[in-house]
Amino acid sequence: SLRRVSDNIVTDNTRIMGIFENVLLNNTKETLVITKKYLYRYNDITNVFDRIPMAGSVPVGGFNITSNNEYISGTTYPFPNGLNRFVFTGKGMTDIYMYNGTDVRSFTLDNPNYAPPLVNGVPALLTNAWYIIWFGERLNLFNPTLNAQANPQMVLYSGIRDVAGNGDKFNVPGAGQLSADTFEYINGACILGNV
């Protein structure tokens, strides 16, 4: 079980909420683990998981996810200048986070390229989403929370990723939102092809 694994590999002794393979731009990979409190990176030399420090606007005490059932979603999504970055969020989190290879920061508060989506022409407060995917050169957020309002049938997507940082902006040409015509929650997302 995830609980049993977490007791053996991480130091905060909380449940593991996500295990990820972060594909770096040099085609190497690193294993990342997110618990209810912290992000860890597997260290090939010491054979242990090292806790990644929190910085910027991220609470020093960690994510403090309260439920054991609200798993995390994450994706490799490089910075506009091409440097490595891993972006993650989930239903139990209070923000969207990014790991820059050194520390964990807020994607929305510590990111100079970020621009919020517009709701009725006014910038909206984006606090989290249930799922996140890098697809079509865009960051795609499923079930986003905007202005404290859950949007369980919505996909929010950024502009096309470029050196100007439009891939981190949700208010530029190419960005937008799509609300499915359904009463069901979006309960998952996966990439099936290039369209």
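Taken together, the values in this text are just the output of simple stated rules run on the coordinates, not laboratory data. This structure is a prediction, so every number in the text was calculated from the model and none was measured. For neighbour counting, all protein chains shown are included, and Cβ atoms are generated from backbone atoms with ideal geometry for every residue, glycine included.
Please work out if Ile96 is hydrophobic (A, V, I, L, M, F, W, C) and over 21 Å from Asn171 (Cα atoms). Break it down stepwise before answering.
Working: hydrophobic (A, V, I, L, M, F, W, C): yes; over 21 Å from Asn171 (Cα atoms): no.
Judged against the criteria, Ile96 is not a match.
If the requirement is being touching a residue at least 40 places away in the same chain (Cβ under 8 Å), surrounded by 14 or more Cβ atoms within 10 Å (Cβ to Cβ), of a type outside the set (Phe, Trp, Tyr) and on the phi > 0 side of the Ramachandran plot, which of these qualifies: Gly92, Gly56? Only one candidate qualifies: Gly56.
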